[in-house]
1. Which of the numbered conditions does R121 fail, given that it passes all the others? Conditions: (1) away from the ligand (no atom under 14 Å from the Cβ); (2) more than 16 Å from V190 (Cβ to Cβ); (3) basic (K, R).
2. Identify all residues within region 425-443 that are outside any loop (DSSP other than H, G, I, E, B) and of a type outside the set (D, E, K, R); write none if there are none.
3. Which one of these does L318 not meet: (1) within 30 Å of R403 (Cβ to Cβ); (2) out of contact with any strand residue (DSSP E or B) (no Cβ under 6 Å at 6 or more places or on another chain); (3) of a type in the set (A, V, I, L, M, F, W, C)?
4. What is the one condition in (1) surrounded by fewer than 17 Cβ atoms within 10 Å (Cβ to Cβ); (2) without any contact (Cβ under 8 Å) to a residue 24 or more places away in the chain that P290 does not satisfy?
5. Determine which single condition N419 fails, assuming it passes every other condition in (1) in the same structural domain as L266 (by TED's automatic domain parsing); (2) surrounded by 22 or more Cβ atoms within 10 Å (Cβ to Cβ); (3) more than 28 Å from G178 (Cα to Cα).
6. Can you find, within region 59-89, the residue that is farthest from the ligand (Cβ to nearest atom) among those that are out of contact with any Pro (no Cβ under 7 Å at 6 or more places or on another chain) and charged (D, E, K, R)?
7. Identify all residues within region 137-189 that are touching a Leu at 6+ places or on another chain (Cβ under 8 Å), more than 8 Å from the ligand (Cβ to nearest atom), closer than 16 Å to V219 by Cα and in a strand (DSSP E or B); write none if there are none.
8. Looking at (1) out of contact with any Phe, Trp or Tyr (no Cβ under 8 Å at 6 or more places or on another chain); (2) within 7 Å of the ligand (Cβ to nearest atom); (3) more than 17 Å from R55 (Cα to Cα); (4) part of a loop (DSSP other than H, G, I, E, B), which is the only condition D105 fails?
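The values are calculated or read from the model by the stated rules, or taken from the named source; none is laboratory data. Computed from a prediction, not measured in an experiment: that's the story for all the values here. FYI the Cβ positions are ideal-geometry reconstructions off the backbone, even for glycines, and counts take in every protein chain you see.
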Amino acid sequence: MNRRELLGAAALAGLAWADDAFAATRLTAAQRRALRAAVRGPVFFPGASGYDAARRVFNRRFDGVRPPAVVRARDTTDVQAAVRWAERFGVPLVARSGGHGYTGDSTSRTAVVIDVGGLDRISLSGTTATLGPGARNLAVYAALAARKRTIPSGSCPTVAAGGLVLGGGMGLAGRAYGLTLDRVRSFDVVTADGRRRRVEGDDDLFWALRGGGAGFGIVTAIRLRTVAVPRACGFRVSYPRAGRAEALEAWESLHAPRELTSILTLDTGGASVFGQYLGSEAALRRLVAPLANATLTTGTDTYLNLQRRWAGCADGGLPACLRYSPTTFAAASVYVSKRLTSAGRRAFVDAADTGASLICDAYGGAINEVSAHATAFVHRHARFSVQILSYTGAATARSRVDRARRLIAGHGNGQAYQNYPDLDQPGPLRAYYGDNLERLRRIKREADPGKRFISAV
Ligand SMILES: Cc1cc2nc3c(=O)[nH]c(=O)nc-3n(C[C@H](O)[C@H](O)[C@H](O)COP(=O)(O)OP(=O)(O)OC[C@H]3O[C@@H](n4cnc5c(N)ncnc54)[C@H](O)[C@@H]3O)c2cc1C
């Protein structure tokens, strides 16, 4: 790894391990005073009341990271003021919306955190939704469903639009309507010069913000094309431990129309497949018949209730869904673009026996109709993405995920989903951005010549 790649990987890691090599930033008293005076939202410095709550992110592996300050921006003017302050004092910045970045990417020991989680407005004008970057998935589904509209998005209820859309946004309407980023009409973004810009059309920055991740500016609003809430139903089928390879083969053989998006999970105990179909339950039962065994269940519900089910909070109201519950985990990602051989299926089963779960999201449909170079999201030829996930103590989780990845990597296409990043990913930048990396690097140099924002590229 050369120095540039090292720095890129370090940035991807939210400086979590790079901090071994680089000293933490300490703000002087004058810098602190100037920051407080510049913004209207609260600013938290180490040692002050509220700092510990303000600095923590979703993945508790990064509980020990102590940024030099956390600014809770009240509005776009606050974001601009913080960027100008950083320019004046030469301090790096990192944005945070929902704090779910897997590798602690929205915290840092060296960069001041600009937390835009409070910019969470959701509005609809005609068919265009405008989201603040802090708008949470389930709140977005609920607010739009009340107006009989929706967007394709992820299933975690508390993930925020800001981080999700910059890296992709895959969920159970993905094959029908594309990734969240495929629905974006324009962004408002505060750039390194402190200007607020609306980017859209063939603007380079608009291209980069759809898949290129953090580091090009701080997004303060996202406008997206919505669709009418569809009729929808869901299914679930389970397999015993001995049926895992068979489950994988049956799932891969499914002739699914784009209205069906399904997810297969393999773990030590067995396999399961669940999914959402935008159509009638009778048609769904016919479509998933090749998967069926005694445990197949199907059901029809309102679109919002189905999203709550996928989010794991079908019981209880919206507040229960939006409860923020940080936890410790490690994860990695592998994209598969060719049909697995029997050796490949065996490798997947062995990987599940490491104790990590393998969560496979079906791609294709609307996702793969977009060219790999139309946005910075390059993964347009995948059959499915595999998320390797372990929720347990950090060292065990990391080792399980790493072993599982090694077992299946040879059956993947060398790419990985940038929204499921991993500190141990070999060649991370090429895996996340493929041959879009050079254009991303050029745009980064032009948009942020002083490297104000922490960035992978
Ligand atoms: C439990 C869980 C479930 C998930 N489920 C899904 C899923 O179903 N589908 C899916 O596609 N993904 C899913 N993800 C991944 C998720 O999309 C990413 O972790 C995403 O980056 C989180 O966004 P955030 O704003 O919550 O996180 P943050 O940690 O706040 O941000 C993540 C990255 O984006 C940058 N960033 C955040 N906001 C801004 C902004 N306003 N301007 C510029 N840069 C910004 C940060 O600096 C950081 O690098 C899941 C994650 C978790 C933890």
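1. Every listed condition holds for R121 apart from (1).
2. Filtering region 425-443 down to residues outside any loop (DSSP other than H, G, I, E, B) leaves 428-443.
Listed by number, the residues that qualify are P428, L429, A431, Y432, Y433, G434, N436, L437, L440, I443.
3. All conditions are met except number (1).
4. It is condition (2) that P290 fails.
5. Looking at each condition in turn, N419 falls short on (3).
6. Only one residue fits best here, namely R88.
7. If the condition is that a residue be touching a Leu at 6+ places or on another chain (Cβ under 8 Å), more than 8 Å from the ligand (Cβ to nearest atom), closer than 16 Å to V219 by Cα and in a strand (DSSP E or B), then V184, R185, F187 are the ones that fit.
8. (3)
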